[in-house]
Amino acid sequence: MTRPRRSGAYEEPAATLAAAAELLAVLHARGQDGVKPAVSPSQLRALLAVEGAEGINLRTLSDVLGSRPPSVTRLCDRLEAMGLLVRSPRPSSRREVELRLTPRGRALLDERRAIRMRELSAVLGRMAPEAVDALIAGLTAFREAAAESYPAGGPPAATATSAAPAAPGPGATSAPARVPDSA
């Protein structure tokens with residue numbers, strides 16, 4: 001549903017949302033503290049993209065990350081050396097390489113999510129139940145409005161921030177979403 005827009009009508013809510021997003025970024029970063037092996041934000045984005053589209057090839061991963069193929073190849077070299085990712089020839093075309101997470105790569109992502117969920121749950125636990133319900137309703141509406149800008153499966157944050165993979169909405173494709181820098 002599109003509403004008529006008034007100039008400046010959403011500046012205050014946008015500022016509040018921006019402040020909340022900054023706090024969420026801090027809480028999100030806590031999900032990375034102490035997890036071994038330590039990975040860079042770009043390595044984490046790559047792992048999340050591969051998780052969201054198992055068997056993705058290097059060119060598609062380059063597109064998802066918004067990086068050049070040689071850079072993504074080096075990134076995958078490092079992830080493979082860390083035991084988080086495996087590259088193998090695609091059975092249907094041995095010239096093409098597909099990417100998959102290793103059990104260690106999955107465990108790393110699961111551990112980060114568990115830490116992040118504890119952090120978020122602790123904050124939510126200090127809120128009144130009605131405020132939590134209102135927050136959920138507001139965030140759901142925000143995500144639906146944002147999905148209008150990202151028709152191919154929803155906003156990029158859906159891939160990066162979900163505790164569990166989200167079910168695709170109506171009309172969604174199986175193409176991986178672009179992974180945001182803040183993943």
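The values are calculated or read from the model by the stated rules, or taken from the named source; none is laboratory data. Remember, predicted model here, so these are calculated numbers, not experimental data. Please note: Cβ atoms are built from the backbone with ideal geometry, for glycine as well, and neighbour counts cover all protein chains shown. We work out accessible area using only protein heavy atoms, side chains counted, and drop any ligands, DNA or RNA first. Shrake-Rupley method; radii C 1.70, N 1.55, O 1.52, S 1.80 Å.
Here are a few things to note about the model shown:
- Meets criteria (under 28 Å from residue 27 (Cβ atoms), open to solvent by 10 Å² or more (accessible area, probe 1.4 Å) and of a type in the set (Lys, Arg)) for residue 90: no
- Subset tally (residues that are within 20 Å of residue 103 (Cβ to Cβ) and open to solvent by less than 20 Å² (accessible area, probe 1.4 Å)) for the stretch 25-38: 2
- In the stretch 118-143, the residues that are within 21 Å of residue 10 (Cβ to Cβ) and aromatic (Phe, Trp, Tyr) reach residues that are part of a helix (DSSP H, G or I) and modelled with pLDDT under 95 with C-beta atoms within less than 8 angstrom, at least six apart or across chains, in these pairs: 142/17.
- Whether a residue is open to solvent by 30 Å² or more (accessible area, probe 1.4 Å), of a type in the set (Ser, Thr, Tyr) and either assigned to a helix (DSSP H, G or I) or under 30 Å from residue 142 (Cβ atoms) (or both) was assessed, and residue 67 passes this test.
- Taken together, 54, 111, 22 contain a single residue that is open to solvent by 60 Å² or more (accessible area, probe 1.4 Å), touching a residue at least 40 places away in the same chain (Cβ under 8 Å) and in a helix (DSSP H, G or I), which is 111.
- Residue within the stretch 89-97 that is of a type in the set (Val, Ile, Thr) and either more than 20 Å from the chain's Cα centre (by Cα) or part of a helix (DSSP H, G or I) (or both) present: yes
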